[in-house]
Every structure is written in structure tokens, then in C-alpha cells.
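Taken together, the values in this text are just the output of simple stated rules run on the coordinates, not laboratory data. It should be emphasised that the depicted structure is a prediction, and the values quoted were computed from it without experimental measurement. Cβ: placed from backbone, ideal geometry, glycine included. Neighbour counts: every protein chain shown.
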Amino acid sequence: MALVNSDIINIKKRGAFILFEGCDKAGKSTQANKLFEYLRNNGHSVELLKFPDRKTKIGQIINAYLANEYELDDKAIHLLFSVNRWERMKAMKNLLLSGKTLIVDRYAYSGVSYSAAKGLDLNWCCSPDIGLLSPDVIFFMDLTAEEAEKRGGFGEERYEKKSLQEKVRKIFYMLKEKDSDKDSLWRILNANQSVELLHKRIVEYSLKLIEKCSQLPLKEDLWKATS
Ligand code: NYM
Ligand code: MG
């Protein structure tokens with residue numbers, strides 16, 4: 001059956017899933033916030049999310065663990081980080097389908113990189129996140145552990161140690177190589193440059209991406225092709 005004008009008008013354009021990833025103190029939250037403000041002020045329908053989401057019941061356990069107030073087995077905390085993403089999936093899917101662009105600060109790539117850096121098997125780490133929504137772009141804020149160490153607040157939380165961060169950074173790159181569409185998905189950004197310059201590049205790329213994604217179906221296939 002041919003589409004008539006009113007059908008075309010009724011087709012909702014989906015939002016884009018824009019992800020920021022990287023080691024601690026790389027400036028992910030700064031750039032995610034700036035992109036959010038920019039898009040909101042320029043008439044886009046947009047929402048900002050952060051993982052771990054420390055507000056949920058599971059998020060509170062994660063928060064206590066990261067603050068060194070609570071001990072957990074490495075595999076147990078890994079699974080909780082993953083559950084913390086799954087508990088937001090339905091809401092994220094509905095938001096994207098309703099046309100909202102989501103800016104997400106950390107996701108499953110952090111989940112795997114930090115746990116594998118502690119010595120857990122990489123494939124085991126990926127498995128609980130298989131089938132999550134896939135991002136449309138990953139802005140990887142790349143910073144060496146030496147540079148991160150110089151930034152304010154480094155060392156306050158669990159994992160903020162130079163030797164671990166170096167391993168985490170290597171595993172992020174391994175995950176990039178594992179991605180079948182790595183060249184279109186990953187944007188590696190040198191995080192050791194001006195906040196405004198980075199913001200400008202991120203905005204330019206995001207505006208094109210939002211337009212492109214609006215025509216594409218949602219992807220609920222994280223790591224399915226590589227598992
Ligand atoms: N982290 C974050 C993990 O170990 N696994 C995960 O799945 C996620 C999402 O939590 N050091 C770690 C990375 C960080 C810490 O994140 C808290 P942030 O963005 O620094 O608040
Ligand atoms: Mg941190």
C-alpha cells in the first residue's frame with residue numbers, strides 16, 4: 001500500500017544515542033554536559049544520562065563500592081554495573097523512539113574495560129551486556145594516565161590509580177578493534193586539548209549524526225555480531 005502524506009507525517013523520527021567513553025578525568029562529563037546544553041538551547045529534544053546511575057537501589061550499592069565503603073567480589077560488582085544498565089533499557093528505548101536524543105556518559109564499554117583491567121576474562125565481561133541498545137557514536141575521550149593523574153580529584157575513588165587506568169585504556173582500544181563497524185562508530189578525541197575546541201568538533205559531528213539516525217532503525221544488538 002502506498003504511503004499518503006499523513007502517514008509520512010506520522011512517522012516519528014528516532015533520536016540518536018550519543019555515548020561518551022574514556023578513562024577517569026578525561027573530561028567526559030564536561031563534554032556531555034556542554035553538548036546537552038548546546039542541543040537543548042538549539043531546539044533539540046535531548047536528555048542526559050550517566051552510568052553508573054547512582055540513584056537506583058543497585059546504583060547505591062555501586063556508589064558505596066566505588067567510595068570504598070563496601071567490598072564485593074569482582075564478578076558480582078561487574079554484574080551489578082550491567083544490571084544498572086539493563087534497568088534503564090526500556091526507558092531509554094522509549095525515549096529514543098519518541099524522538100529524544102540521548103547523551104550518555106559511560107556505558108558497557110566502561111563496564112568491560114574496568115573489570116577486564118582487574119583481570120576478569122574479556123568475553124565473560126562482555127556477555128551480560130550483549131543485546132543492550134547500541135550507541136550510534138562513541139566519543140572516546142583519550143587521555144594518558146600521566147595526564148589524568150595531574151587533573152583535580154584523581155585518586156578519590158576506587159580504580160583511580162595510574163597502573164589500572166593504563167590497562168583500562170588498552171582494553172578500550174581492544175573493544176574498538178572488536179567492533180565490526182569500528183570506523184563509523186568510534187571517534188577518538190585527544191582529550192588533552194581545549195574544552196571549547198573539543199566541544200565544537202563534537203557538536204559538528206553530533207548534528208550530522210542526529211539527522212542521519214532519524215532515518216535508521218533502533219539497534220538493540222550490542223556485541224551480538226562479535227559474540
Ligand atoms: N565503571 C563504570 C565501571 O567499573 N563499570 C561500569 O560499568 C561503569 C559504567 O565506575 N571509575 C567505573 C568507572 C569509574 C567509576 O564512574 C565511576 P564516573 O563516570 O567516574 O562517575
Ligand atoms: Mg570518575
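Would you mind classifying segment 70-160 by shape? Square roots of the alpha carbon gyration tensor eigenvalues, ordered a ≥ b ≥ c; an a/c under 1.5 is rounded, otherwise it is prolate if a/b is larger than b/c and oblate if not.
Oblate.
Grab the Cα-Cα distance for Ser184 and Leu197, subtract it from 0.36 nm times how many residues apart they are, and report the gain in nm with one decimal.
Taking 0.36 nm per residue and subtracting the Cα distance, the gain is 2.6 nm.
What angle do you read, to the nearest 10 degrees and between 0 and 90, between the alpha-carbon axis of helix 28-41 and the longest principal axis of the chain?
20
Determine the calculated [θ] at 222 nm for the chain from helices alone, applying -39500 (n - 2.57) to every DSSP H run no shorter than 4 residues and normalising by the residue count; nearest 500 deg cm²/dmol.
Calculated at 222 nm, the ellipticity per residue is -15500 deg cm²/dmol.
Please list, by residue number, every one of the chymotrypsin sites (Phe, Trp or Tyr not before Pro) in segment 74-115 that is coil in DSSP and has at most 15 other beta-carbon atoms within 10 Å.
none
Apply the Karplus curve 6.51 cos²θ - 1.76 cosθ + 1.60, θ = phi - 60°, to the phi angles in segment 140-152 and return the couplings in whole Hz, x for Gly and Pro.
Karplus values, whole Hz, x for Gly and Pro: 8, 7, 9, 9, 6, 4, 4, 5, 4, 4, 6, 7, x.
On a 0 to 90 degree scale, rounded to 10, what angle separates helix 162-178 from the longest Cα axis of the chain?
Taking the Cα atoms of the chain, the angle to 162-178 is about 40 degrees.
To check my understanding: the extent here is largest minus smallest coordinate of the Cα atoms along each principal axis. What are those three numbers for the chain, in Å, largest first?
Principal-axis extents of the Cα atoms in the chain, largest first: 59, 37, 33 Å.
Name the long-range amide H neighbours of Thr101: under 5 Å, sequence gap of 5 or more, or other chain; modelled H, no Pro or chain starts.
Ala16, Ser45, Val46, Glu47
Once you place label points 7 Å from the Cα toward the Cβ at Gln215 and Lys13, how far apart are they in nm?
According to this spin-label approximation, the distance is 1.1 nm.
Hey, what's the Cα Rg ratio for segment 96-227 versus the globular rule of thumb, 2.2 N^0.38 Å?
1.12
From the phi of every residue in segment 59-75, what ³J(HN,Hα) in whole Hz does the Karplus formula 6.51 cos²θ - 1.76 cosθ + 1.60 yield, where θ is phi - 60° and glycine or proline is x?
These are the phi-based 3J(HN,Hα) values: x, 5, 5, 4, 4, 5, 5, 5, 7, 6, 9, 8, 9, 9, 4, 4, 6 Hz.
Check which residues have an amide H placed less than 5 Å from Lys50's amide H, if you skip close sequence neighbours.
Under 5 Å from the amide H of Lys50 lie the amide H atoms of Asp105, each far enough along the sequence or on another chain.
So which residue, out of Gln215, Gln165, Gln31, gets the largest mean-square fluctuation from a GNM of the chain using Cα contacts under 10 Å as springs?
The residue that fluctuates most here is Gln215.
Roughly what angle does helix 195-213 make with the longest principal axis of the chain, taking Cα atoms, 0 to 90 degrees, to the nearest 10?
With both axes taken from Cα atoms, the answer is about 40 degrees.
Identify which of Glu160, Glu149, Glu204 has the largest mean-square fluctuation in a Gaussian network model of the chain, with springs joining Cα atoms closer than 10 Å.
With Cα springs under 10 Å in the chain, the top fluctuation among Glu160, Glu149, Glu204 is at Glu204.
Counting each pair of different Cα atoms once, what's the Kirkwood radius of segment 2-130 in Å, rounded to one decimal?
Evaluated over segment 2-130, this radius sits at 16.4 Å.
Take Asp142, Asp183 and order them by how many other Cβ atoms sit within 10 Å, fewest up front.
So the residues, fewest neighbours to most, are Asp183, Asp142.
Based on the mean of other beta carbon atoms within 10 Å per residue, what is the order of 205-213, 22-30, most packed first?
So the peptides 205-213, 22-30, ranked by packing, come out 22-30, 205-213.
With a 10 Å Cβ neighbour count serving as the proxy for reagent exposure, in which order, fewest first, do Trp124, Trp223 appear?
Trp124, Trp223
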